[in-house]
């Protein structure tokens, strides 16, 4: 019985939680980590040229914070940073962020990589969970805190002469496996070093480095931290959910309810193991709640094509909002509801989208309705008559719809295949026109 070797994740004790009564009313701050976290998870990491093109896509989408690399890890990331700075490829309102281990010997190269940039975020981290403290690093709690403190002091010292705007970020890297009293202790120690103000805030990042609990417990942990971080009003609380349990999106959304101001993730959730938070899903979730998501994904199919080419990772056909078949219905019952919903939406000139089974209007991402209803042996009369109505402009009567649906269903059943739009129109023209 192998399940007996696993411990249940601990709940947060003695918390009067407020987040379940909250709602998301505005977009969070987004930070894309595609070029660092996503890149390191690729079989073939991106070249400098690919990173430049990827960076431009992220800028065009509207991301204002982009983690561009890990300059201390190799020349490619360092040279990429220098290229986008020296060739003025960074818009004035975009922060570029680099990840730095809290080790003095690695900090100098990372600082040099960003010299000359107008807006920078220096992201210091060290693992904080009990196992890594005791077994991996063989250090006391105070020694682990000192690593973070000395690392941040070194970054601040080396960036003192920067002309541009500098922000500092600290990650308790394995926050998801760190006991809360130690997590808040080490974060507050780093906050003491940075001394953030209302005008010069710092970022405290609380990653679900290994997603190991249900999203509600993660939200409890975020709310607890928000209640116990000192000078909270001067802190941007950030989360970095991974997807090991398949609930990164839920964890991010609940973390926002619990007080998080910022989320880190990647396009389509590429990342180590089961992946990172999928920013695209979160953004569309916000969009479909009638909130300005602040990111332009209207050309998401073009973005998808590019990312699939450079990452060599195909997007699942059922990926929320973006998969090739995400708006597709074969079921007769679904098709009938969609057909009637579309007719009502068009005829009543409704401002609010209420079409059954379609969480958003496919035209929001420049898709037409051809792939919404597809016809096979599982389809009914509504689907076939929708095709005729949508593409021929002919509205069939109820009896005509029933008769035409039977004919289409019989032909599809006999073939054992889906019928294309053109095949259905040809059947109509041959039998009814």
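The values are calculated or read from the model by the stated rules, or taken from the named source; none is laboratory data. Just so you know, these numbers come straight off a predicted model, no measurement behind them. Every residue, glycine among them, receives a Cβ derived from its backbone with ideal geometry; neighbour counts consider all protein chains shown.
Data overview
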{"quantity": "Residues of region 187-205 satisfying the condition of being in contact (Cβ under 8 Å) with a residue 40 or more places away in the chain and either on the phi > 0 side of the Ramachandran plot or in contact with a strand residue (DSSP E or B) (Cβ under 6 Å, 6 or more places away or on another chain) (or both)", "calculated": "187, 190, 194, 203, 205"}
{"quantity": "Condition check for residue 365: farther than 30 Å from residue 296 by Cβ, surrounded by 14 or more Cβ atoms within 10 Å (Cβ to Cβ) and at pLDDT 85 or above", "calculated": "no"}
{"quantity": "Out of 104, 26, sole residue that is at pLDDT 95 or above and in contact with a helix residue (DSSP H, G or I) (Cβ under 9 Å, 6 or more places away or on another chain)", "calculated": "26"}
{"quantity": "Scope region 410-426; condition part of a helix (DSSP H, G or I) and in contact with a strand residue (DSSP E or B) (Cβ under 8 Å, 6 or more places away or on another chain); matching residues", "calculated": "411, 412, 424"}
{"quantity": "Boolean, residue 209 is modelled with pLDDT under 95 and assigned by TED's automatic domain parsing to the domain that holds residue 155", "calculated": "yes"}
{"quantity": "Residues (under 13 Å from the mean Cα position of the chain (by Cα) and within 17 Å of residue 29 (Cα to Cα)) located in region 257-268", "calculated": "262, 263, 264, 265, 266, 267"}
{"quantity": "Residue check for residue 222: assigned by TED's automatic domain parsing to the domain that holds residue 175 and either buried (at least 24 other Cβ atoms within 10 Å of the Cβ) or farther than 13 Å from residue 261 by Cβ (or both)", "calculated": "yes"}
{"quantity": "Residue check for residue 229: within 16 Å of the chain's Cα centre (by Cα) and more than 30 Å from residue 384 (Cα to Cα)", "calculated": "no"}
{"quantity": "Residue among 292, 324 that alone is assigned to a loop (DSSP other than H, G, I, E, B), at pLDDT below 95 and surrounded by fewer than 21 Cβ atoms within 10 Å (Cβ to Cβ)", "calculated": "324"}
{"quantity": "Among the candidates 79, 92, residue that is outside any loop (DSSP other than H, G, I, E, B) and either surrounded by 22 or more Cβ atoms within 10 Å (Cβ to Cβ) or in contact (Cβ under 8 Å) with a residue 24 or more places away in the chain (or both)", "calculated": "79"}
{"quantity": "Count of residues meeting criterion [closer than 18 Å to residue 70 by Cβ and either surrounded by fewer than 19 Cβ atoms within 10 Å (Cβ to Cβ) or in contact with a strand residue (DSSP E or B) (Cβ under 6 Å, 6 or more places away or on another chain) (or both)] in region 118-146", "calculated": "6"}
{"quantity": "Contacts under 6 angstrom Cβ, first residue in region 147-169 being assigned by TED's automatic domain parsing to the domain that holds residue 189, partner in a loop (DSSP other than H, G, I, E, B), 6 or more apart", "calculated": "147/102; 148/102; 151/102; 164/117; 164/118; 166/159"}
{"quantity": "In region 95-117, the residues that are surrounded by 19 or more Cβ atoms within 10 Å (Cβ to Cβ) and not in a helix (DSSP H, G or I)", "calculated": "95, 96, 97, 98, 99, 100, 101, 102, 114, 117"}
{"quantity": "Residue in region 334-348 that is in a loop (DSSP other than H, G, I, E, B) and either in contact (Cβ under 8 Å) with a residue 12 or more places away in the chain or out of contact with any helix residue (DSSP H, G or I) (no Cβ under 8 Å at 6 or more places or on another chain) (or both) present", "calculated": "no"}
{"quantity": "Subset of region 397-422 that is without any contact (Cβ under 8 Å) to a residue 24 or more places away in the chain and touching a helix residue (DSSP H, G or I) at 6+ places or on another chain (Cβ under 8 Å) - its residue that is surrounded by the fewest Cβ atoms within 10 Å (Cβ to Cβ)", "calculated": "402"}
